[in-house]
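The values are calculated or read from the model by the stated rules, or taken from the named source; none is laboratory data. Quick caveat, the model's predicted, so the values are computed rather than measured. Cβ sites come from the backbone with ideal geometry, for glycine too, and all protein chains shown count toward neighbours. Calculation scope for accessible area: heavy atoms of the full protein, side chains included, ligands and nucleic acids excluded. Shrake-Rupley method; radii C 1.70, N 1.55, O 1.52, S 1.80 Å.
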Amino acid sequence: MSPILTWALFGVAARWWQLGIEMRPFLARDTAWGYPVFAAVSGSFGYWLSQVDKRQTEILARRKESLLEKRRRAREREAVGAGDVVAAARVAVV
């Protein structure tokens, strides 16, 4: 189930709970308008949250790649600086 649908169902459940707390009828004509509104607002929040998660995952992947590259270059510099040609070649392969 998509996160957007999950959040929309959460909004419907929140409306159902709200009407239960208020002891009002769940499916009366004057209260039925709230279900699509709550579902739309919650679904919109779910969409926004999924996009935030997607962007943050991409940023973290780029950052991880950058850090791994930086570590590789540092190991390469250490191996070359120490004069260990075999270790430098091994680092360059990895």
**Item:** Apportionment of accessible area to carbon and sulfur, region 3-68, percent (1.4 Å)
**Value:** 71 percent
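Local charge sum around Gly34 (other residues, Cβ-Cβ under 15 Å, Lys/Arg +1, Asp/Glu -1)? Working shown, then result.
Values: positive: Arg15, Arg24, Arg29; negative: Glu22, Asp30.
Summing Lys/Arg as +1 and Asp/Glu as -1 gives +1.
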**Message:** Taking Rg and Dmax of the Cα atoms in Å straight from the coordinates, which label in [x] 19.5, 68; [y] 12.4, 36; [z] 27.0, 83 is the correct one?
**Reply:** [z]
**Fill in**
Output row, site Ile21, 7 Å Cα→C-beta label point, backbone N cut-off 17 Å, window region 29-64, residues 34-35, 38-39, 42
**Prompt:** Once phi is turned into θ = phi - 60°, what whole-Hz ³J(HN,Hα) does the Karplus curve with 6.51, -1.76 and 1.60 give for every residue of region 61-76, x standing for Gly and Pro?
**Reply:** 5, 5, 5, 4, 4, 5, 5, 5, 5, 4, 5, 4, 5, 5, 5, 5
